[in-house]
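In what follows, a structure is listed as structure tokens, so that the remarks can point back to it.
The values are calculated or read from the model by the stated rules, or taken from the named source; none is laboratory data. Note that the structure is a prediction, hence the values are computed from the model and not measured. So basically every Cβ, Gly included, is an ideal-geometry build from the backbone, and we count neighbours across all protein chains shown.
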């Protein structure tokens, strides 16, 4: 790129939100260095659609819920201070803020509350420099508390959909410790419940008028597990990224209370020079922990380690991640990550025209736990090599819960279980018949790895639990909802 | 009330006048409604600029929401109507001393964004007050406002003492104020190119104290500014790192990377090895955490940064190998990057694991990836002596799989292993020879032939093997031909008796029957060597070759240190220094400042030509006929004879690179051909300098180029590119003319040319941006009389408003640099009209630029009316 006289200090010049037709929802110019006769949103949208890169501008954008959020630079300056990381972080935080203040992210909600949205854009960023992206600090400076729609308007608002989502699941909510078992319809219902709880905070801060929600604090420990297994079932890499997700719905007068949470086992981090207690069952050796700002971290760093690790925090309103952690099977061989499934696979060339794939899966969960929506995907040779595929489940107890499906498009056999109980073992034999003489090289036609998807409620791979959750000077404790879930992030078994 | 309804409405007639009426309504809530409607209309792109005075009318209000909306409107429209923006100044000033700190901040924030000179004058006093305001919210807003003001008028900031005030804010009690002051100072430093913020002990303490307290974004500003300092004192460096280290555990990855950057840049100065080790230990886990994000794009950015960090300090992630294990569903670019990092982390202690991963990777489907995995095994063999046996064993296993591209890649890699460990693995030669027939890629063939030649004395049928290639000698690629010549000569020197005919035949073919000068040269050298002094020939051809060493470190030390200072930025993703892909902000700014201040516009700046001063030896136009066709090999710098004779060293053309180029066609899109292009003017003509790099397996040739029709009618002249061998690069310069037949409407910006480049493997498309200042011909001057008569003969059809930075004098200087020539000036107070001429090819463009008395206008005239839109676009850019 040649010299360009449009030069700025490297922070972005404009921010805009577009819908998928390219219409502007919100538009803010921060540095006034784009010629006013250029419709940058238009330029961006045409470049995106034609997948070409024009020379004039540079963008970072995120497409979420059908909305493009775009940061625009007139120049990548030499001292580039908005890095790819910060840009995406900023957009994500901004969207979260808009969601908190204007309700579920949608074109309609943004248009409905555009005056507030503009205030947010004005307060969070000045001259292209991010200022603050925290809900609490914005509450003081953002006005228009009447922005939420009056009740007559509820039908179309994010609030109502949120309420109905809550209502329909109210049963599982009233007995949170049993929510996993009541969600017996399998993944669909559980996931939707889970989403309405952790994923999106639908109400909007000013809209939280519903009394059933008020006076509650919701805490979820969510773990995503990442495993690579050898063909013989031996895991050779396993790691977990987990987080403690909190949604604070406490009443206004309780909102500034300090809370204290006690975790078991106590998470420790090797490099933080804590008394080495790694072998002790009371500690959990993590690779990395990141606390939310509101947490008073000294409990991990400097306090002498006691029986318990009380973690003080001052919960801000709305949803936030109290703790983000990462644990993995360490070099020394101790394994803070429990592996829920073992999968053994074997590929045998049976004859001139037949290859067999045998898959054995065993659930290592305790017998009172179960995995939901277990989906096992097994690669088979490409369809043009294959005459037919026959699958046979061979369950030792004689009953099988799984259903098996072969798809020619994906060259995969999918084995589904609505539920998979702890201790259960299942065996699947896939026979692939090919034209005569093809089988010799057929092994190299089976590419990929066996992958498993699942969700395990009320169980964490690291065994992390919340022992107690209290306000510090506690009477009138808020209603506390605590749940655990482990999801497969990437669970793969290499082929034998 | 829901605001959505404001968007409905349609554009009924009389809507504007209706709005106008509402804006003057007695009741404030009605006025607020009306302003909301205006903002809604503005957001969707309707023109509501005519309502400026009416909206401004609503600014006097105690309703903060209404006030914010009005301010929003004013920011967006002040630029177009500067004379009206003045009307708002009174209110701004009043609001800037309002009782409510929110209002004060709002006023000062908005005033800074109104880029109208005359408003700027009124900004100084309120800004000074706000910088000393008792409320931190106002102070932090004011701090950034200084940066805004500096952009508008650097002089005001410096003469009015705002810099000193800003530096005082570094001691502010509120950390966010400190952070914004740092941000503002950093920006001003970038623009002015001088250092304002000194790293003194007290400044440092202030920054580090604020670092713990301020918002995450403030932390990023402060960390970035810390990373620009340097200290030679070990104790200082250690304490800075110590205090920055807690930021590594931040939830915001931008903070984490900024902290890594600071620590990496200070760590070198720490003498205490224990402290260094401790820091390395602390950096590892957060870096790995960056990889746990869901989006593969973010993972990629993290991996590219980790790549740099690992090259600099491998110990940081030495024990985290498993994190880089490849997942089947990783996107290819993530897989490639992981592979690269695994090679760097490979060591004796983990080689078994790593090799298993590579073997796994080599059985995947993506050919590029598989090849890279095979190469990775070879690189490990060369890097770790003790692992060589294992690596060779794995490679043999892969060869047994009989997948063609795996076999070929393995052979290429084994050739390197033979270079590193001569006479250790001849036992596998037999296996390799079995695969001779399946080789069809030049590099693999050449490698195999090299192996046969090198070990000719131990391969019984070496003569037969080589002979089988000779029949098709002329069909082989030059890489294979060269290697064949060398191998046959080696064979002859080792077994002279039965190969005399063969060597005669091959030397004949190389010298008599080929056009390839490389081949001819090599043939003649061998021939003369053999005929004059066979002993000498033996010493040369069979001489001991220098051992090759591993090439894991891809970036040299100095470059790496520089890149580590760019961690987290785009440079760290490209692995290129910023000045290779962005404009130097400081220089352009300095120019601008200089020009702005220059009262005498006639003292023209040197013409802005990128690298125009250094003649490029491949500029075929200037070198002309003296170097036909064979110019590339002829110009090759003489290098070590041994290297020349042995194909293992890729030919280097050794051409300096005077024009900054950008990659317009990456190799993955160009079927292995990577093209970088940059424009320059030389000898009165626009040139497009191209660097063509061949990353494919086969030589590239038969180049031809074509342009799409474009707004300036650019047309290519004859493209002269010699064939490009694999892994080599050729530079060429393409003269560009302007031709009326090439004229076509703009696809995007007027200065973008869409180009099709053909070679023997296909046609590839890319686009090149010609900077506007390079577009116009040096021969753009015309006599005043000619100009005037032509000017008068044409009507005023193309009049546009533009934004002009600077006065008529500075604009003259600026346009002269872009070959727009000053013709005359006419003054009709308060306006000043300046006339310029320029030529696009032969087409004369005439333009009148007006200054003063409202917004500047340009009036363009040309007989080639089709060029006017593009010309106007160029002026928009050049005048700012």
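Matching residues to (1) in contact with a helix residue (DSSP H, G or I) (Cβ under 8 Å, 6 or more places away or on another chain); (2) modelled with pLDDT under 80:
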residue: B:667; (1), (2): no, no
residue: B:678; (1), (2): no, no
residue: B:689; (1), (2): no, no
residue: B:697; (1), (2): yes, yes
residue: B:707; (1), (2): yes, no
residue: B:712; (1), (2): yes, no
residue: B:721; (1), (2): no, no
residue: B:731; (1), (2): no, no
residue: B:736; (1), (2): no, no
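Taking the conditions exactly as written (at pLDDT 85 or above, under 31 Å from the mean Cα position of the chain (by Cα), within 13 Å of chain A (Cβ to nearest Cβ) and assigned to a helix (DSSP H, G or I)), does residue B:265 satisfy them or not?
no
Part of a strand (DSSP E or B), more than 7 Å from chain B (Cβ to nearest Cβ), more than 24 Å from residue B:677 (Cα to Cα) and modelled with pLDDT of 80 or more: does that describe residue A:26?
Spelling it out, it is not the case that residue A:26 is part of a strand (DSSP E or B), more than 7 Å from chain B (Cβ to nearest Cβ), more than 24 Å from residue B:677 (Cα to Cα) and modelled with pLDDT of 80 or more.
Considering only residues of the range B:283-305 that are surrounded by fewer than 21 Cβ atoms within 10 Å (Cβ to Cβ) and at the interface with chain A (Cβ under 7 Å from one of its Cβ atoms), which is nearest to residue A:289 (Cα to Cα)?
B:292
Tally the residues that are modelled with pLDDT of 80 or more and more than 14 Å from chain B (Cβ to nearest Cβ), restricting the search to the range A:306-335.
Result for the range A:306-335: 3.
Please tell me if residue B:57 is surrounded by fewer than 20 Cβ atoms within 10 Å (Cβ to Cβ) and away from chain A (no Cβ under 11 Å).
It is true that residue B:57 is surrounded by fewer than 20 Cβ atoms within 10 Å (Cβ to Cβ) and away from chain A (no Cβ under 11 Å).
Evaluate the following for residue B:444: is it more than 48 Å from the chain's Cα centre (by Cα) and in a helix (DSSP H, G or I)?
Against the criterion (more than 48 Å from the chain's Cα centre (by Cα) and in a helix (DSSP H, G or I)), residue B:444 does not qualify.
Where residues in the range B:30-48 are more than 10 Å from chain A (Cβ to nearest Cβ) and in a helix (DSSP H, G or I), which of them is farthest from residue A:43 (Cα to Cα)?
Checking each candidate, the answer is B:30.
Kindly state which helices (runs of 4 or more DSSP H) lie completely within the range B:505-616 and contain at least 2 residues that are modelled with pLDDT of 80 or more and more than 14 Å from every other protein chain (Cβ to nearest Cβ).
Answer list for the range B:505-616: B:517-532, B:534-541, B:557-564.
Could you check the range B:769-808 and list, in sequence order, the residues that are in contact (Cβ under 8 Å) with a residue 40 or more places away in the chain, out of contact with any helix residue (DSSP H, G or I) (no Cβ under 9 Å at 6 or more places or on another chain) and part of a helix (DSSP H, G or I)?
Hits for the range B:769-808 are B:774, B:784, B:787, B:790, B:791, B:808.
Enumerate the helices (runs of 4 or more DSSP H) found wholly within the range B:144-218, keeping only those where 2 or more residues are surrounded by fewer than 24 Cβ atoms within 10 Å (Cβ to Cβ), more than 13 Å from chain A (Cβ to nearest Cβ) and modelled with pLDDT of 85 or more.
Where helices (runs of 4 or more DSSP H) fall fully within the range B:144-218 and carry at least 2 residues being surrounded by fewer than 24 Cβ atoms within 10 Å (Cβ to Cβ), more than 13 Å from chain A (Cβ to nearest Cβ) and modelled with pLDDT of 85 or more, they are B:154-159, B:162-169, B:201-213.
Any chance the range B:774-785 includes a residue that's facing chain A (nearest Cβ under 10 Å) and modelled with pLDDT of 80 or more?
Looking for residues that are facing chain A (nearest Cβ under 10 Å) and modelled with pLDDT of 80 or more, one finds at least one in the range B:774-785, hence yes.
Results for (1) more than 21 Å from residue B:364 (Cβ to Cβ); (2) modelled with pLDDT of 90 or more, shown as yes or no for each residue.
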residue	(1), (2)
B:291	no, no
B:294	yes, no
B:308	yes, yes
B:312	yes, no
B:329	no, no
B:336	no, yes
B:351	no, yes
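Closer than 19 Å to residue B:394 by Cβ and within 13 Å of chain A (Cβ to nearest Cβ), is that true of residue B:369?
yes
Go through the range B:125-143 residue by residue and tally those that are within 12 Å of chain A (Cβ to nearest Cβ) and crowded, with 22+ Cβ neighbours inside 10 Å.
Number of matching residues: 5.
Please tell me if residue A:43 is modelled with pLDDT of 85 or more and within 11 Å of chain B (Cβ to nearest Cβ).
Here the answer is yes, as residue A:43 does meet what is asked.
Determine whether residue B:61 is in contact with a helix residue (DSSP H, G or I) (Cβ under 6 Å, 6 or more places away or on another chain), assigned to a loop (DSSP other than H, G, I, E, B) and not assigned by TED's automatic domain parsing to the domain that holds residue B:853.
For residue B:61, the condition - in contact with a helix residue (DSSP H, G or I) (Cβ under 6 Å, 6 or more places away or on another chain), assigned to a loop (DSSP other than H, G, I, E, B) and not assigned by TED's automatic domain parsing to the domain that holds residue B:853 - is met.
Tell me, which strands (runs of 3 or more DSSP E) lie completely within the range B:652-747 with 2 or more residues that are within 14 Å of chain A (Cβ to nearest Cβ) and buried (at least 17 other Cβ atoms within 10 Å of the Cβ)?
B:662-665, B:673-682, B:685-694
Would you check which residues across the range A:475-486 are closer than 20 Å to residue A:322 by Cα and either surrounded by fewer than 19 Cβ atoms within 10 Å (Cβ to Cβ) or at pLDDT below 85 (or both) and list them?
Result: A:477, A:478, A:479, A:480, A:482.
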